[in-house]
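**Student:** Encoded as structure tokens, here's the structure I'll be asking about.
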Amino acid sequence: MSQRIVQIISGRLSLRSPQRESLESLQKAIAATPDILHPNRDVPALLEILKTEFPTLSDFERDFPSLCFALATGVGKTRLMGAFISYLHLAHGISNFFVLAPNLTIYNKLIADFTPNTKKYVFRGIAEFAVNTPKIVTGDDYEVK
């Protein structure tokens, strides 16, 4: 079922090959280690399992599972974030996400890209989010939401 969700999201968001491959890798990682989504997990055991799936993985470098997806400049990392959020919500029922920006320019761009009815809205084509629009909480309004 989750592979089908990957295909649906890839089609609806018109993902480019590197984006689709990254989404497929996320799906593969979760399929290999379903406990990765649970708060009480054996992080060293997860790492060992994922090393068999992803030979270049050597360490999470943190006390929690941390995966990196490297994409070239201009490939669409923001759209990939939208695809990851869509996948985790549709396939695994996760509803809360924290997106961190490295600077104010990217922060403002992310707010625009996650706002419905904007030119680069990251969830355009995801029917579930058209019906139930995600609530975006920013550093400017978190105290009132």
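**Student:** Answer with yes or no whether R41 is more than 19 Å from I5 (Cα to Cα) and surrounded by fewer than 14 Cβ atoms within 10 Å (Cβ to Cβ). Walk me through how you get there before you give the answer.
**Tutor:** Values: more than 19 Å from I5 (Cα to Cα): yes; surrounded by fewer than 14 Cβ atoms within 10 Å (Cβ to Cβ): no.
Against the criterion (more than 19 Å from I5 (Cα to Cα) and surrounded by fewer than 14 Cβ atoms within 10 Å (Cβ to Cβ)), R41 does not qualify.
**Student:** Can you name the number of the only condition in (1) farther than 22 Å from K120 by Cα; (2) more than 12 Å from the chain's Cα centre (by Cα) that E24 fails?
**Tutor:** Answer for E24: the failing condition is (2).
**Student:** Could you tell me whether G82 is out of contact with any strand residue (DSSP E or B) (no Cβ under 9 Å at 6 or more places or on another chain), on the phi > 0 side of the Ramachandran plot and of a type outside the set (D, E, K, R)?
**Tutor:** Working: out of contact with any strand residue (DSSP E or B) (no Cβ under 9 Å at 6 or more places or on another chain): yes; on the phi > 0 side of the Ramachandran plot: no; of a type outside the set (D, E, K, R): yes.
In short, no.
**Student:** Right, next: Please determine, by comparing only the residues of segment 87-126 that are surrounded by fewer than 11 Cβ atoms within 10 Å (Cβ to Cβ) and aliphatic (A, V, I, L, M), which one is nearest to the chain's Cα centre (by Cα).
**Tutor:** L100
**Student:** Only one of these is surrounded by 15 or more Cβ atoms within 10 Å (Cβ to Cβ), under 22 Å from Q3 (Cβ atoms) and in contact with a Phe, Trp or Tyr (Cβ under 7 Å, 6 or more places away or on another chain): F129, F84. Name it. Give the derivation first.
**Tutor:** Numbers: F84 fails: in contact with a Phe, Trp or Tyr (Cβ under 7 Å, 6 or more places away or on another chain).
Answer to the selection: F129.
**Student:** Ok, one more. All but one of (1) exposed (fewer than 10 other Cβ atoms within 10 Å of the Cβ); (2) in contact with a helix residue (DSSP H, G or I) (Cβ under 9 Å, 6 or more places away or on another chain); (3) small (G, A, S); (4) closer than 24 Å to V6 by Cα hold for S58, so report the exception by its number.
**Tutor:** For S58, the failing item is (4).
**Student:** Turning to a different aspect of this structure: Determine whether K135 is basic (K, R) and in contact with a Ser or Thr (Cβ under 8 Å, 6 or more places away or on another chain).
**Tutor:** Values: basic (K, R): yes; in contact with a Ser or Thr (Cβ under 8 Å, 6 or more places away or on another chain): no.
So K135 fails the test.
**Student:** Another one. Taking the condition of being in contact with a helix residue (DSSP H, G or I) (Cβ under 6 Å, 6 or more places away or on another chain) and either outside any helix (DSSP H, G or I) or modelled with pLDDT under 95 (or both), how many residues in segment 100-137 meet it? Steps first, please.
**Tutor:** First, pick out the residues of segment 100-137 that are in contact with a helix residue (DSSP H, G or I) (Cβ under 6 Å, 6 or more places away or on another chain): 101, 113, 118, 120, 122-123, 125-126.
Still in the list and also either outside any helix (DSSP H, G or I) or modelled with pLDDT under 95 (or both): 101, 118, 120, 122-123, 125-126.
The total comes to 7.
The values are calculated or read from the model by the stated rules, or taken from the named source; none is laboratory data. Predicted, not measured: the structure shown is a model, and the values here were computed from it. A quick note on method: Cβ atoms are made from the backbone with ideal geometry, for glycine too, and the neighbour counts reach across all protein chains shown.
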